[in-house]
Amino acid sequence: MNLNGVAIWPAFLSPEAQAAVVAATREIVRVARLFHPVTPRGQQMSVRMTSAGAVGWVSDRNGYRYQPRHPAGMDWPPIPDCVLQVWHALAGTPVAPDTCLVNFYAPDARMGLHQDRDEACLDHPVVSISLGDAGLFRVGGPARRDPTRSVWLSSGDVAVLSGSSRLAHHGIDRIKPGSSTLLDQPGRLNLTLRVAR
Ligand code: MD6
Ligand code: FE
């Protein structure tokens, strides 16, 4: 499926593969706790985040950036193999990702329309894995005012932003609590792989 140039692979991950990624993500979160980032303007984001990889995405009063440590000071855990496999199957590049952002949406969390442009080189794709409750994904174009289209991303779906869609605006309007039994709590987990440096 293609939504404004974003490739969407419905049910790319089997239920078994989804369970393996959830178990690996629990291990990431155990070491590098989820936190609520604060935007540069001082607003607390509703999504909780952490990262795996050589660098991780953080946001605070000093801006958005990738940095080699969690805000609490520890190294980010390594990106799990089962997650790297998804990248290598779909990214279309031999370059490996150096960061995996973990987003957790409680039932009332959302993510506003944004572009992914904090990476040093914007030629590499972004590969995004959805797990747990479905999320309403909105995709526009490179300009903020470009028209948008929306699709529900369900557990096991994978989205790839590359080429003309790499700088597409996108966001999550809301999630549908209770639409999946994968997680042991209501909510949605999203893992996003990138080449950041
Ligand atoms: C989410 N995803 O699905 C948020 N970014 O929860 C993103 O912000 C995103 O899905 C870049 C590429 C794909 C994505
Ligand atoms: Fe994004």
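Give me the three principal axis extents of the chain from the C-alpha atoms, as integers in angstrom, largest value leading.
40, 37, 36
What are the extents of the Cα atoms of region 23-64 along their three principal axes, listed from largest to smallest and rounded to whole Å?
34, 22, 11
Toward the positive end of the charge dipole of the chain, about the Cα centre and with charges on Cβ (Lys, Arg +1; Asp, Glu -1), which of 160, 122, 142 goes farthest?
142
Starting from the exponent 0.38 and prefactor 2.2 Å, build the expected Rg for region 1-92 from its residue count and divide its actual Cα Rg by it.
Compared with the compact-globule rule of thumb, region 1-92 sits at 1.25.
Considering all projection directions equally, how large on average is the shadow of the alpha-carbon convex hull of region 94-197, in square nanometres?
Dividing the Cα hull surface by four gives the mean projection, 6.6 nm².
About the Cα centre, and with charges only on the beta carbon of Lys, Arg (+1) and Asp, Glu (-1), how big is the dipole of region 1-111? Nearest 20 debye, please.
440 debye
Just 89, 24, 11 to compare: in a GNM of the chain, with alpha carbon springs under 10 Å, which one fluctuates most?
89
Would you mind telling me which residue in 168, 23, 54 has the biggest mean-square fluctuation in a Gaussian network model of the chain, where springs connect alpha carbons within a distance under 10 angstrom?
Sorting by GNM fluctuation, first place goes to 23.
By counting other Cβ atoms within 10 Å of each Cβ, how are 29, 160 ranked from fewest to most?
Neighbour counts put them in this order, fewest first: 29, 160.
Return the single residue from 50, 99, 181 with maximal mean-square fluctuation; model: Gaussian network over the chain, springs between Cα atoms under 10 Å.
Evaluated over the chain, the most mobile residue of the options is 181.
With an 8 Å cut-off on Cα pairs and a minimum separation of 6 or more residues, tell me the relative contact order of the chain in percent.
RCO, the chain: 27 percent.
Laboratory data are not the source of any read-out in this text; all were calculated from the coordinates shown. Treat the numbers as computed from the prediction; the structure is a model and nothing was measured. Because the Cβ atoms are built from the backbone with ideal geometry, glycine has one as well, and the counts that use them run over all protein chains shown.
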